[in-house]
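Have a look at the structure below, then the notes.
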Amino acid sequence: MSEPVSALNHAGFDGLAKVTECGLHGMITLRGDLAARAVKAAATGASGVKMPGPNEVQSKGDNALCWMSPDELLVICDYKDVRQVLDKMHKSLGAAHALAVDMSDARTMFCVTGSSARDVMAKLTPADLSPATFGPGQIRRSRLAQIPAAFWLEDDQSFRIICFRSVAQYAFDLLCTAAGAGSDVGYFSAAPIRPT
Amino acid sequence: MLILTCPYCGIEADETELASGGEAHLTRHGPGTSEDDFSNYLFTRQNPLGVHFERWRHAHGCGKWFHAARDTGTLEVFATYPAQTAEPPKTVCDAIRKRRPGWTWQGTA
């Protein structure tokens, strides 16, 4: 068997924020009625993670469940475990009207970490990233410049970004440019102004 | 910039995250209908300056089609609502009438 390699093979960049391509992840798209018991059981049973609400991410260790749309979940697991998790999900779904498909090789995941991470991301997406509206545990599907992407905050200073593998280089170049030295806008990262 | 709230995922999406789908609430005329009806269905569109209904798709988000009622002149958005309806729901019509007294859906009360 050939050895699977991620799109940019862990490429990294250190600037205002640290940009890393975080390697291969198992990603399974689950579509179906998210209120149905069989669909919920398949998602939570296979990942060991609680069911996320609308626009939320639930995670536990390397596993995560991302709410992608009213009828779509993304199950994230270890790349090596995909087949096993998928089998478990199919068994659990039984005859339920749902679809679970391995999308791991169609996607790329990036991490953007650092105190300027919010600023770096806000340069590229029209989504409102102010801490008041977007915090850890929430996921936003939006765009980064010209490509669709989904992202969430693992903690207040680290983003996880998913996009198509075919545009991985474009996404990486974008993130590196936005995190380039001397391009800090200090909008979110600036210390709050204290009244004198 | 036009900002519409997707009724499916609740995200306030700006125009660049959406794909426009043209006029909403068209009646489909397919095989077996008159040539005039079919031609109108394909080509005839309203282009009002004022209250208008449109289809939009949350293309860079949840991917769902929805409807928006807005004013093409002022860009005021009256409401967005799910696409599974042949005409604007009463709540949407009420919201429009509140801002545009006397307005009626296709000229009927």
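The values are calculated or read from the model by the stated rules, or taken from the named source; none is laboratory data. Remember, it's a predicted structure, so these values are computed and weren't measured experimentally. Here the Cβ positions follow ideal geometry from the backbone for every residue, glycine too, while neighbour counts run over all protein chains shown. Quick note on the areas: whole protein, heavy atoms, side chains included, nothing else; ligands and nucleic acids left out. Shrake-Rupley method; radii C 1.70, N 1.55, O 1.52, S 1.80 Å.
What the table shows:
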{"quantity": "Those lysines that a straight Cα-Cα span of less than 16 Å connects to B:LYS90, excepting residues fewer than 8 apart in one chain", "calculated": "B:LYS98"}
{"quantity": "Highest average packing first - A:106-113, A:50-57, A:78-85, Cβ atoms within 10 Å", "calculated": "A:106-113, A:50-57, A:78-85"}
{"quantity": "Probe 1.4 Å, accessible area per residue of the range A:49-181, Å²", "calculated": "44 Å²"}
{"quantity": "Pair B:ILE3, A:ASP155: separation of 7 Å Cα→Cβ label points (nm)", "calculated": "3.1 nm"}
{"quantity": "Cα pair distances of the range A:110-196 binned at 10 Å [whole percent]", "calculated": "17, 53, 25, 4, 1, 0"}
{"quantity": "Scaled radius of gyration (Cα, divided by 2.2 N^0.38 Å) that the range A:12-178 gives", "calculated": "1.02"}
{"quantity": "Cα long-axis angle, helix A:168-178 against chain A (0 to 90 degrees, to the nearest 10)", "calculated": "30 degrees"}
{"quantity": "Test item: A:126-135 mean partner chain Cβ contacts at 10 Å", "calculated": "2"}
{"quantity": "For the range A:100-108, Karplus couplings with θ = phi - 60° (6.51, -1.76, 1.60), whole Hz, Gly/Pro x", "calculated": "10, 9, 6, 10, 3, 7, 9, 10, 9"}
{"quantity": "Whole-Hz couplings from phi, Karplus 6.51/-1.76/1.60, listed for the range B:69-74; x for Gly and Pro", "calculated": "10, 8, 9, 6, x, 9"}
{"quantity": "Projected label distance in nm at A:ASP14 and B:LEU75, using a 7 Å step from Cα toward the beta-carbon", "calculated": "4.4 nm"}
{"quantity": "Crossing angle, helix A:37-47 versus chain A [Cα axis fit, 0-90 degrees, rounded to tens]", "calculated": "60 degrees"}
{"quantity": "Karplus-derived 3J(HN,Hα), 6.51/-1.76/1.60, for each residue of the range A:26-35, Hz, glycine and proline x", "calculated": "x, 10, 10, 8, 10, 10, x, 6, 5, 8"}
{"quantity": "Viscosity 0.890 mPa s, temperature 25 °C, Stokes-Einstein D of the protein assembly as shown from Kirkwood C-alpha radius, µm²/s", "calculated": "113 µm²/s"}
{"quantity": "Straight-distance crosslink candidates among lysines, where the alpha carbon sits under 17 Å from A:LYS91 and sequence neighbours closer than 8 are dropped", "calculated": "A:LYS40"}
{"quantity": "Inter-chain Cβ neighbour average for residues B:59-66, partner chain, 10 Å", "calculated": "5"}
{"quantity": "Estimated FRET transfer efficiency (B:SER39, A:MET51; beta-carbon r; R0 41 Å; 0.05)", "calculated": "0.25"}
{"quantity": "Solvent-accessible area buried by B and A, counting both chains, probe 1.4 angstrom, square angstrom", "calculated": "1000 Å²"}
{"quantity": "Leading residue at positive end of dipole, the protein assembly as shown (Cβ point charges), from A:THR125, A:GLN157, A:GLY137", "calculated": "A:GLY137"}
